[in-house]
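**Q** Can you read through this structure? Questions will come right after.
The values are calculated or read from the model by the stated rules, or taken from the named source; none is laboratory data. Values in this document were obtained by computation on a predicted structure and should not be read as measured data. Here the Cβ positions follow ideal geometry from the backbone for every residue, glycine too, while neighbour counts run over all protein chains shown. Only protein heavy atoms, including side chains, enter the accessible area calculation; ligands, DNA and RNA are left aside. Shrake-Rupley method; radii C 1.70, N 1.55, O 1.52, S 1.80 Å.
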Protein chains: 2
Amino acid sequence: MHNNFILNEQLDADTTEVINLGLCRVLMMEDARFPWLILVPRINDLRELHHLPKQHRSHLFDELEATSLALEQLFKPDKINVATLGNIVIQLHIHVVARTLTDDAWPGPIWGAGKQIPYTDKQRTNRLNLISTKLRQLTSQ
Amino acid sequence: MHNNFILNEQLDADTTEVINLGLCRVLMMEDARFPWLILVPRINDLRELHHLPKQHRSHLFDELEATSLALEQLFKPDKINVATLGNIVIQLHIHVVARTLTDDAWPGPIWGAGKQIPYTDKQRTNRLNLISTKLRQLTSQ
């Protein structure tokens, strides 16, 4: 499945790659307000969650669990939000976001809430290292 | 798992029950602007998606698929949105929403978008019948 995977241009522009897990490419959203990951199954031409082939579904759940646990352990959030909307970017992608009672959008959804704040280079590098190291531990990669 | 399941009061107040599938109670959100279902695994004290016990995960995916297909077949949407936020109502519940390019919130998220429009009794009954019949067909219940 993975060999000729092409990431959607808009997702590519809005994020930085964290790691490739068994099924998904894990991306970090360029918004320093929220620890915000995006999982993209590396299968071309997928749009809807329920179109994911059955043999990959438990992998997706495992990777949603690993990314959720990574965010919980690193950022001690009050809630994990998991969502696949895809109204704008049509390639199937699943948001996994660590939310806190004091974040800029709480208790509302993050999409469309206020203005994105880009990471500084140092912040981005630090956070990418933290998250990729934790995900490697949790998935034994 | 199911015997003493208690639905969260706020979810109960905001929705009407459509059907019980094998794992989830399927609810219809009281908002006539969107075909909007909510799946609640009938297990008490669950909050996060990744806390769903492993033996129930494929059931959840099957029921997400069935509800998505039901909405697609009945309402011909442009996109299905699937999300579990739970920032306000803490019982684990997963939104499955049929979105169209002309709906009131497109392309933004539906949560917090504009004012809810209640169903009339006739609309509610008709829609419940449509959806429950379709879900029975799709799940052979």
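**Q** Among residues other than residue A:34 whose Cβ falls under 15 Å from its Cβ, what is the net charge (Lys/Arg +1, Asp/Glu -1)?
**A** Local net charge: 0.
**Q** Counting only protein heavy atoms, probe 1.4 Å: which residues of region B:84-117 lose 40 Å² or more of accessible surface in the full assembly compared with their chain by itself?
**A** B:84, B:85, B:87, B:107, B:109, B:111
**Q** Axis carrying B onto A: which residue of B has the nearest Cβ, and how far, whole Å?
**A** Nearest to the symmetry axis by Cβ: B:83, 2.
**Q** Holding the Cα-Cα limit at 29 Å, pick out from B:54/B:122; A:134/B:79; A:122/B:79; A:54/A:76; B:79/B:122 the pairs that are longer than that. Could you put the intermediate results ahead of the total?
**A** Values: B:54/B:122 40 Å; A:134/B:79 33 Å; A:122/B:79 37 Å; A:54/A:76 32 Å; B:79/B:122 26 Å.
Violating the 29 Å limit, Cα to Cα: B:54/B:122; A:134/B:79; A:122/B:79; A:54/A:76.
**Q** Mind listing the label-point distances from residue A:125 to the same position on all other copies, shortest first, one decimal in nm, points 7 Å along Cα→Cβ?
**A** Output for residue A:125: 6.8 nm, nearest copy listed first.
**Q** Let me ask something else about it. Below 12 angstrom from the Cβ of residue B:60, what's the summed charge of the other residues (Lys, Arg +1; Asp, Glu -1)?
**A** It works out to a net charge of +1.
**Q** While we're on this one: What percentage of the solvent-accessible surface of the protein assembly as shown, computed with a 1.4 Å probe over protein heavy atoms, is contributed by carbon and sulfur atoms?
**A** Using a 1.4 Å probe with all protein chains present, the protein assembly as shown comes out at 49 percent carbon and sulfur.
**Q** Put a point 7 Å out from Cα along the line to Cβ at residue A:88; what are the distances to that point in the other copies, in nm, shortest first?
**A** 2.3
**Q** For helix B:57-75, report the angle its Cα long axis makes with the longest principal axis of the Cα atoms of chain B; keep it between 0 and 90° and round to the nearest 10°.
**A** It is inclined by approximately 20 degrees.
**Q** Could you give log10 I(q)/I(0) at q = 0.15 Å⁻¹ for chain A, computed by the Debye formula over C-alpha point scatterers of equal weight, without solvent?
**A** Per q value, in the given order, log10 I(q)/I(0) is -0.72.
**Q** Quick one: net charge around residue B:6, please, counting Lys, Arg +1 and Asp, Glu -1 for every other residue with C-beta under 10 Å from its C-beta.
**A** Details: positive: B:42; negative: B:9, B:12, B:45.
Around residue B:6, the charge tally is -2.
**Q** Follow-up question, since we're still on this one. In the calculated pair distance distribution of the protein assembly as shown, what percentage of Cα-Cα distances lie above 30 Å? Present the calculation step by step, with values, prior to reporting the outcome.
**A** On the way: 10951 of 39621 pairs.
So the portion of pairs separated by more than 30 Å is 28 percent.
**Q** Continuing with this model, one more query. Taking 7 Å along the Cα-to-C-beta vector as the label spot, tell me the residue B:30-residue B:54 distance in nanometres, rounded to one decimal.
**A** 4.1
**Q** Which one of A:120, A:40, A:98 has its Cα pushed farthest toward the positive end of the charge dipole of region A:4-127, where Lys and Arg give +1 and Asp and Glu give -1 at the Cβ?
**A** A:98
**Q** What is the spin-label model distance, in nm, from residue A:101 to residue B:129 if the labels are put 7 Å beyond Cα along the C-beta direction?
**A** Taking the simple label geometry, residue A:101 and residue B:129 are separated by 4.7 nm.
**Q** Sticking with this one: With a 1.4 Å probe on protein heavy atoms only, work out how much accessible surface A and B bury together, total over both chains, in Å² to the nearest 100.
**A** The A and B chains share an interface burying roughly 2900 Å².
**Q** With a 1.4 Å probe and all protein chains in place, put A:76, A:115 in order of accessible area, largest first.
**A** Working: A:76 150, A:115 170 Å².
Listed by decreasing accessible area, they come as A:115, A:76.
**Q** OK, next. With springs connecting C-alpha atoms under 10 Å apart, model chain B as a Gaussian network and identify which of B:74, B:27, B:64 has the largest mean-square fluctuation.
**A** Among B:74, B:27, B:64, the largest GNM mean-square fluctuation belongs to B:74.
**Q** Per residue in region A:35-68, which ones lose no less than 40 Å² of accessible surface when going from chain alone to all protein chains (1.4 Å probe)?
**A** A:47, A:48, A:49, A:50, A:57, A:61, A:65
**Q** Mind checking the per residue accessible area of region A:1-140 for me, 1.4 Å probe, whole number of Å²?
**A** Result: 46 Å² per residue.
**Q** What does the copy distance list look like for residue A:136, label position 7 Å along Cα→Cβ, in nm and ordered from shortest?
**A** Copy-to-copy label distances for residue A:136: 5.5 nm.
**Q** Roughly how tilted is helix B:121-139, in degrees to the nearest 10 and between 0 and 90, from the longest Cα axis of chain B?
**A** Long axis of B:121-139 versus the principal axis of chain B: about 50 degrees.
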